[in-house]
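What follows is a single structure, written as structure tokens, with notes after it.
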Amino acid sequence: MPDISLTMVVVLCLAALVAGWIDAVVGGGGLLLLPALLLGLPANTPAAYALGTNKAVAIVGTTGAAVTYARKAPVDVRLAVRIGLAALAGSSGGAFFAAGMSTEVLKPVIMVVLLAVAAFVILRPAFGTAPATGPASPRRILAAIGLAGLGIGFYDGLIGPGTGTFLVLALTAVLHLDLVTASATAKIVNCCTNAGALATFAWQGTVLWQLAAVMAVFNLAGGMLGARTALKKGSGFVRVVLLSVVFALVAKLAYEQWIA
């Protein structure tokens with residue numbers, strides 16, 4: 001456990017609370033949680049410890065949100081786990097290629113894609129507001145496993161930021177889910193990918209377990225509260241949060257690409 005002031009621990013716990021809420025509603029909580037850890041840990045702490053601790057915290061909040069959703073939302077848990085296992089395989093492949101690829105080349109492309117997605121959501125007010133009319137066809141299920149599982153899982157291992165948001169968008173578009181059900185399904189997928197990543201970080205010994213345990217309590221509370229908020233407010237509310245997170249992600253990537 002590094003030497004961290006009580007004030008900084010409180011700040012990190014508050015960041016974990018808000019990140020859990022954002023992640024449960026529409027994904028993207030890592031946009032807040034990981035930078036908070038990178039800034040909050042002592043300057044000489046290797047970045048791997050921030051990454052490992054982030055996963056240990058996030059998996060608790062994600063699991064709490066997934067359980068809350070599964071109890072009240074019409075989630076196909078078996079399908080979500082199948083997509084999650086594909087995402088786990090995809091993220092492993094992405095992490096393998098990340099070692100020899102400059103992610104700086106891909107960031108502008110991702111920003112363009114995100115802006116296109118935002119424009120699509122704005123111009124299509126009905127996107128993700130209507131519930132699915134019936135079970136998805138085998139073709140759509142395979143497409144979801146390929147795109148939301150392998151494809152976005154690969155992106156998660158290669159770059160990472162906004163994975164939860166991409167999952168919600170892909171599940172909504174491919175499986176014709178409403179945004180609330182897509183968010184619920186994405187949480188189960190995230191549990192699978194987070195478990196794989198956490199196992200790797202734990203094996204490498206780069207998890208600050210004491211700090212993670214304290215932050216995880218707040219992240220769990222935020223995750224469960226976020227899931228209940230999404231279930232109560234509905235798809236229209238999730239749509240607003242989704243657009244906010246998309247624009248925040250674009251701003252973050254633009255800052256890293258051209259300013260930092």
Worksheet item: Which condition number does ALA65 fail, the rest of (1) modelled with pLDDT of 85 or more; (2) at positive phi being met?
Response: (2)
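Does segment 176-185 include one or more residues that are part of a helix (DSSP H, G or I), more than 14 Å from the chain's Cα centre (by Cα), modelled with pLDDT under 90 and not hydrophobic (A, V, I, L, M, F, W, C)? Before you say what the answer is, go through the steps one by one.
Within segment 176-185, the subset part of a helix (DSSP H, G or I) is 179-185.
Next, from what is left, pick out any that are more than 14 Å from the chain's Cα centre (by Cα): 179-181.
Subset that is modelled with pLDDT under 90: 179-181.
Among the residues that remain, those that are also not hydrophobic (A, V, I, L, M, F, W, C) are: 181.
Scanning segment 176-185 turns up at least one residue that is part of a helix (DSSP H, G or I), more than 14 Å from the chain's Cα centre (by Cα), modelled with pLDDT under 90 and not hydrophobic (A, V, I, L, M, F, W, C).
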Discussion item. So GLY28 ticks every box in (1) assigned to a helix (DSSP H, G or I); (2) surrounded by 22 or more Cβ atoms within 10 Å (Cβ to Cβ) but one. Which box is left unticked?
Written reply: (1)
Practice prompt. Go through segment 201-252 and give me each residue that's closer than 30 Å to SER5 by Cα, at pLDDT below 90, surrounded by fewer than 20 Cβ atoms within 10 Å (Cβ to Cβ) and not small (Gly, Ala, Ser).
Written response: PHE201, TRP203, GLN204, THR206, LYS252
Fill in: Failed item in (1) surrounded by 20 or more Cβ atoms within 10 Å (Cβ to Cβ); (2) modelled with pLDDT of 85 or more; (3) over 14 Å from LEU211 (Cβ atoms); (4) among the β-branched types (Val, Ile, Thr), with THR53 passing the rest
(3)
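Quick one: which of ARG239, ARG228 is basic (Lys, Arg), out of contact with any Asp or Glu (no Cβ under 8 Å at 6 or more places or on another chain), closer than 30 Å to PRO108 by Cα and in a helix (DSSP H, G or I)? Quick ask: steps written out before the conclusion?
Values: ARG228 fails: closer than 30 Å to PRO108 by Cα.
Just one listed residue meets the conditions, ARG239.
The values are calculated or read from the model by the stated rules, or taken from the named source; none is laboratory data. Everything numeric here is computed off the predicted structure, so don't read it as measured data. Please note: Cβ atoms are built from the backbone with ideal geometry, for glycine as well, and neighbour counts cover all protein chains shown.
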